[in-house]
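Undergrad: I have a structure here, written as structure tokens, and I will follow up with some questions on it.
The values are calculated or read from the model by the stated rules, or taken from the named source; none is laboratory data. Values in this document were obtained by computation on a predicted structure and should not be read as measured data. No Cβ is skipped: glycine too gets one built from the backbone with ideal geometry, and neighbour counts run over all protein chains shown.
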Amino acid sequence: MIIEEFNESGTEILKTTWKFKNSDQEYILSWNVCENPFCSCGEMSLGIGLVPKTPVMASFSYDVTDKTVKKIGSDCSSKLLSNQLVSELSSEDHKILAEIFHAAKIKSLDECDVDAIDPPDFPIKEIEEESLMVEFKQIFPWSLDYYFSIDNTTETNC
């Protein structure tokens with residue numbers, strides 16, 4: 001079970017721990033999400049360390065879209081801990097990891113300097129010459145969806 005501890009305002013995660021079903025031992029759960037706002041992969045790096053110690057005992061890559069482990073460290077503890085963690089993840093735990101991932105991606109999009117980065121495969125020539133329109137999500141795949149209604153029909157952003 002994933003346990004999150006938030007700051008007083010509930011806006012920032014201060015600590016995330018993992019507790020296995022048949023054990024009282026708690027592990028620190030850390031994560032890292034790619035800061036590239038154009039990256040469309042759904043993977044986040046997870047690390048597991050003993051409480052109160054913080055060194056990572058196991059590390060692996062978790063895909064929030066298909067809820068699977070992708071890359072596991074080569075040592076035995078990484079394989080055992082990551083497989084056990086993923087096998088014990090509840091639907092609520094998967095939801096928490098997806099929310100952490102999406103919050104990190106939105107933050108990277110909000111904080112990126114658009115003047116200093118070039119989006120990959122951006123069809124600037126077609127846009128200028130042919131008035132081509134490009135979906136925002138095509139460039140920033142993890143951006144938030146905005147919904148609006150027209151004549152009682154709900155649509156999503158383009």
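Undergrad: Can you tell me which residue in region 39-67 is nearest to Glu111 (Cα to Cα), limited to those that are in a loop (DSSP other than H, G, I, E, B) and modelled with pLDDT of 80 or more?
TA: Looking at the filtered set, the residue picked out is Cys39.
Undergrad: Of all the residues that make up region 73-98, how many are part of a loop (DSSP other than H, G, I, E, B) and not charged (D, E, K, R)?
TA: Final tally of qualifying residues: 4.
Undergrad: Filter region 99-116 down to the residues that are in contact (Cβ under 8 Å) with a residue 12 or more places away in the chain, over 8 Å from the mean Cα position of the chain (by Cα) and in a helix (DSSP H, G or I), then identify the one that is nearest to Phe136 (Cα to Cα).
TA: Checking each candidate, the answer is Leu109.
Undergrad: Picking from Glu43, Glu26, Glu4, which residue would you name as being in contact (Cβ under 8 Å) with a residue 60 or more places away in the chain, farther than 15 Å from Ser78 by Cα and in contact with a Ser or Thr (Cβ under 9 Å, 6 or more places away or on another chain)?
TA: Answer to the check: Glu4.
Undergrad: Being more than 15 Å from Thr16 (Cβ to Cβ) and not in a helix (DSSP H, G or I) is the requirement here; does Lys70 meet it? Talk me through it step by step, then tell me what you get.
TA: Working: more than 15 Å from Thr16 (Cβ to Cβ): yes; not in a helix (DSSP H, G or I): yes.
So Lys70 passes the test.
Undergrad: Somewhere in region 19-33, is a residue in contact with an Asp or Glu (Cβ under 6 Å, 6 or more places away or on another chain) and part of a strand (DSSP E or B)? Explain how you work it out, then say what you get.
TA: The initial filter retains those residues of region 19-33 that are in contact with an Asp or Glu (Cβ under 6 Å, 6 or more places away or on another chain), namely 19, 21.
Pick out the ones that are also part of a strand (DSSP E or B) and you get 19.
Looking for residues that are in contact with an Asp or Glu (Cβ under 6 Å, 6 or more places away or on another chain) and part of a strand (DSSP E or B), one finds at least one in region 19-33, hence yes.
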